[in-house]
Each structure stands twice: as structure tokens, then as C-alpha cells.
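What follows is calculated from the coordinates using simple rules that are stated; it is not laboratory data. Being a predicted model, the structure only gives us computed values, none of them experimental. Every residue, glycine as well, gets a Cβ built from its backbone with ideal geometry; the counts of neighbours run over all protein chains shown.
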Amino acid sequence: MRDDERVVALTFDDGPSANTRRLLDVLAARGVRATFFLQGEHVAADPDAVRAVHAAGHALANHTWSHPHLPELPAAEVDDELARAADAVRDATGVVTTLFRPPFGDLDDDVVAAVARHGEAVVLWDVDPADWEAGAPAGRTVERVLAEVRPGSVVLMHDWQDSTVDAVPAVVDGLVADGYRFVTVPELLGERVAPGRVFSHGRTVG
């Protein structure tokens, strides 16, 4: 995709959650496909939710098994976090993940090397409305996303937060009104995806 093309990728971290099915209904009502960076232990706890995400046409990606600060872990534990999460997604859906997002955005060279060993690319973000903060209001999430999105943006959100799901209709409607269309991260990055590459805002940064 061209760097100036008015496309945006909505991403949701840490799921599946108790809100995932409600989010799927919201996205389906507006014909939007998103990318879900899934936490392995939550996938194992609710594989039916992940199958519903996959069946709805959304992209599935790896967000570790238990959401640790990866640079603080020994290499073997980093590998285990990546492998267990990928295995959980594959067991639930048959999908082999090729994209990875580190919890908290924490990366160092050793983590990137581990991601490469597992055949995945790193996807960060350029729009963070801080919807993860306790008590984050839906209106603030909407305002921040609409103010910060630019062509090719990757938006970070979390569907375990009730207010985030409440915000999504206005986020989508506002971006559509501003001429944007929605793509998954695999669609945004296309053939540039390769093990160990690092992306932010749809562009290679490492």
C-alpha cells in the first residue's frame, strides 16, 4: 500500500476477553475487520471466542502466553512465551501466527531475535489512546484516536475494557467520515512481513 493511502488498522490486545463477542458484533455491524493480538492463556481458556474471531475474518496474532516484560526473562522463557501462545492459537483455529506484539511494547535485540526464530515479525503501533488506563472514558478514546490517526496508522486498543468496546462505533464512524478504510495488519504490511522485521505505523523500523 502507498504511504499516503488513507487506510488504518485497528488492533486489539490481550484477548480474548468477556467483551470479545460484543466487539465482534460491533465490528460486523460496520463491516470492519481488525487484528487481534491474542494472549495464549486466554486463548486456552476460551478457544471458542478465538474461533469466532477467526470465522469473522479478523487476523490473529501472537501476544505471548502470559503478558510478561520479555526483556527481563531468560532466553528460554522468552521462547516458551512465544511458542505456547502460538500453539494455543494454532490448536484453536489452525492458524499459524506470523505477527507478534510484545507486551508493553518492550523490545530488545534478544527479544527480536527470538521472534525471528519463531518465524514472526514484530508489530508495534503509532496510536495509543491509553484506553487501558483504569476508568478510561469512551469519549476520550474516541477523541484521541480520531486526533492521532494518519494514513497507515496502527491503533492499539484493548477489548477487555468495557469503554473501549463502547468507543469503537464512534471511532469507526469518525474515521469513515474522514475518508479512511479499514485493513488488517497483514493487509497493511503485505509482502514486507518477514521473520524478525519490526513495524510501526505500517512502516519498517527495524
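Here are some notes:
- Some residue of region 129-145 being farther than 20 Å from Val155 by Cβ and surrounded by 15 or more Cβ atoms within 10 Å (Cβ to Cβ): no
- Residue within region 154-175 that is surrounded by fewer than 20 Cβ atoms within 10 Å (Cβ to Cβ) and within 11 Å of Val7 (Cα to Cα) present: no
- Of the helices (runs of 4 or more DSSP H) contained entirely in region 125-206, those carrying at least 3 residues that are closer than 18 Å to Val32 by Cα, in contact with a helix residue (DSSP H, G or I) (Cβ under 7 Å, 6 or more places away or on another chain) and touching a residue at least 12 places away in the same chain (Cβ under 8 Å) fall at 138-148, 162-177.
- Neighbours by Cβ (under 6 Å, 6+ apart or cross-chain): first from region 45-68, closer than 20 Å to Leu10 by Cβ; second of a type in the set (Lys, Arg): Gly57/Arg33; His58/Arg33; His63/Arg101
- Glu81 of a type outside the set (Gly, Ala, Ser) and farther than 16 Å from Ala121 by Cα: no
- Qualifying residue in region 45-66 (condition: surrounded by 14 or more Cβ atoms within 10 Å (Cβ to Cβ) and of a type in the set (Asp, Glu)): yes
- Consider region 83-115 and keep the residues that are farther than 18 Å from Val185 by Cα and small (Gly, Ala, Ser). The one that is surrounded by the fewest Cβ atoms within 10 Å (Cβ to Cβ) is Gly94.
- Candidates in region 176-197 are the residues that are among the aliphatic types (A, V, I, L, M) and surrounded by 18 or more Cβ atoms within 10 Å (Cβ to Cβ); of these, the one that is farthest from Gly31 (Cα to Cα) is Leu189.
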